[in-house]
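Visitor: Dumping the structure here so I can ask a few things about it.
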Ligand SMILES: Cc1cc(-c2n[nH]c(CCNC(=O)c3cc(-c4ccc(F)cc4)cc(O)c3O)n2)ccn1
Ligand SMILES: [Mg+2]
């Protein structure tokens with residue numbers, strides 16, 4: 001039967017990227033998505049904004065909601081200091097199978113824990129299951145109607161501390177209007193918008209960076 005797009009993306013990584021070289025994995029995926037088939041990775045333009053937020057924050061504990069093929073997982077993990085940890089949640093088991101291989105090819109699997117399941121099921125279990133107190137950075141890139149309820153759930157589970165950064169992808173396209181309204185009007189967040197484009201296109205999109213004030 002016909003292969004899936006994530007399978008073809010993984011094939012491009014194995015053909016064009018060097019094992020153990022995260023940058024070559026990132027470049028191989030960007031090339032595939034720009035010249036072969038579009039895919040919903042954060043991409044190179046928004047990816048550079050993600051890089052700058054991660055580098056400035058130097059987080060020890062990172063949560064990613066929405067792994068997909070692991071592109072942003074590799075982008076984040078390659079910048080983490082030794083001993084830092086990234087937990088990434090993926091709902092779709094077919095995406096998870098691909099993401100594990102992309103993460104392994106990049107050679108950053110020892111910093112990453114990929115967990116399969118729905119965000120609302122795993123967020124309440126972060127403390128007892130992973131021994132996590134609070135996160136320093138959360139990258140929201142999963143189902144767009146889950147951004148707001150999951151943010152409120154993370155607040156309620158005490159997973160955010162003064163200074164925790166929430167970085168949300170796709171705040172314009174596909175868009176997360178309820179989430180934006182919340183973080184921009186809540187006294188508990190200091191929010192700012194990084195204007196960019198939808199991955200590999202000229203459509204507007206951007207990242208919203210929101211610092212939790214406690
Ligand atoms: C409930 C739960 C869910 C998850 C989960 N895991 N993986 C995802 C993927 C979600 N991502 C997207 O849907 C997405 C879509 C577009 C897009 C598509 C079509 C267009 F025309 C324009 C833009 C662009 C993007 O950048 C995106 O990120 N969710 C994981 C855990 N728990
Ligand atoms: Mg996205």
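Read-outs throughout are calculated quantities, based only on the coordinates presented, and are distinct from any laboratory measurement. Everything numeric in this text was worked out from a predicted model, so none of it was measured. Here the Cβ is made from the backbone with ideal geometry for all residues, glycine too, and neighbour counts use every protein chain on show.
Visitor: Taking the 0 to 90 degree range and rounding to the nearest ten, how far is the long axis of helix 5-16 tilted relative to the main principal axis of the chain, both from C-alpha atoms?
Guide: Its long axis makes an angle of about 60 degrees.
Visitor: I would also like to ask the following. Sort 116, 181 so that the residue with the fewest other Cβ atoms within 10 Å of its own Cβ comes first and the one with the most comes last. Could you put the intermediate results ahead of the total?
Guide: Working: 116 16, 181 11.
Ascending Cβ contact count within 10 Å gives the list 181, 116.
Visitor: Then there is this: Given a Förster distance of 30 Å, report the FRET efficiency between residue 18 and residue 48 from their Cβ-Cβ distance, rounded to the nearest 0.05. Don't skip to the end; give the middle numbers.
Guide: On the way: r = 21 Å, r/R0 = 0.71.
With a Förster radius of 30 Å, E is 0.90.
Visitor: With only alpha-carbon atoms in the gyration tensor, what are the semi-axes of the equivalent ellipsoid for the stretch 85-188, in Å, largest first? Before the final figure, lay out the partial values.
Guide: Values: eigenvalues 112, 60, 31 Å².
Semi-axes (√(5λ), whole Å): 24, 17, 13.
Visitor: Also, I was wondering about something else. With labels modelled as points extended 7 Å from the Cα through the Cβ direction, what inter-label distance (nm, one decimal) is found for residue 94 paired with residue 178?
Guide: In this crude spin-label approximation the distance works out to 2.7 nm.
Visitor: I want to make sure I understand the PRE zone here: with the label point 7 angstrom from the Cα of residue 193 toward its beta carbon, which residues in the stretch 37-64 have backbone N atoms less than 17 Å away?
Guide: Taking a point 7 Å out along Cα→Cβ of residue 193, the residues of the stretch 37-64 whose backbone N falls under 17 Å are 46.
Visitor: How much length is gained on full extension from residue 129 to residue 203, taking 0.36 nm per residue of separation minus their Cα-Cα distance? Please report the intermediate quantities before stating the final value.
Guide: On the way: separation 74, 0.36 × 74 = 26.64 nm, distance 3.97 nm.
Separation in residues times 0.36 nm, less the Cα-Cα distance, equals 22.7 nm.
Visitor: Right, another one. Connecting C-alpha atoms closer than 10 Å in a GNM of the chain, tell me which of 151, 201, 67 has the biggest fluctuation.
Guide: With Cα springs under 10 Å in the chain, the top fluctuation among 151, 201, 67 is at 201.
Visitor: Would you mind calculating the gained length between residue 110 and residue 7 on full extension (0.36 nm times residue separation, minus the Cα-Cα distance), in nm to one decimal? Please report the intermediate quantities before stating the final value.
Guide: On the way: separation 103, 0.36 × 103 = 37.08 nm, distance 2.29 nm.
Working it through step by step, the gained length comes to 34.8 nm.
Visitor: Among 209, 162, which comes first, second and so on when ranked by fewest other beta-carbon atoms within 10 Å? Mind showing how you got there, number by number?
Guide: Values: 209 21, 162 9.
If I rank by nearby Cβ atoms, fewest first, I get 162, 209.
Visitor: Quick one: check the C-alpha center-to-center distance for the stretch 174-214 versus the stretch 55-132, whole angstrom.
Guide: Measuring centre to centre over Cα atoms gives 21 Å.
Visitor: Could you give the C-alpha radius of gyration of the chain expressed as a fraction of 2.2 N^0.38 Å, taking N as the number of residues it contains? Provide the component values of the computation, followed by the final result.
Guide: On the way: Rg = 16.2 Å, N = 214, 2.2 N^0.38 = 16.9 Å.
The chain yields a ratio of 0.96.
Visitor: State, as an integer percentage, the relative contact order of the chain based on alpha-carbon contacts under 8 Å between residues 6 or more apart. The partial results should precede the final answer.
Guide: Numbers: 405 pairs, mean separation 41.2, N = 214.
Computed over the chain, the figure is 19 percent.
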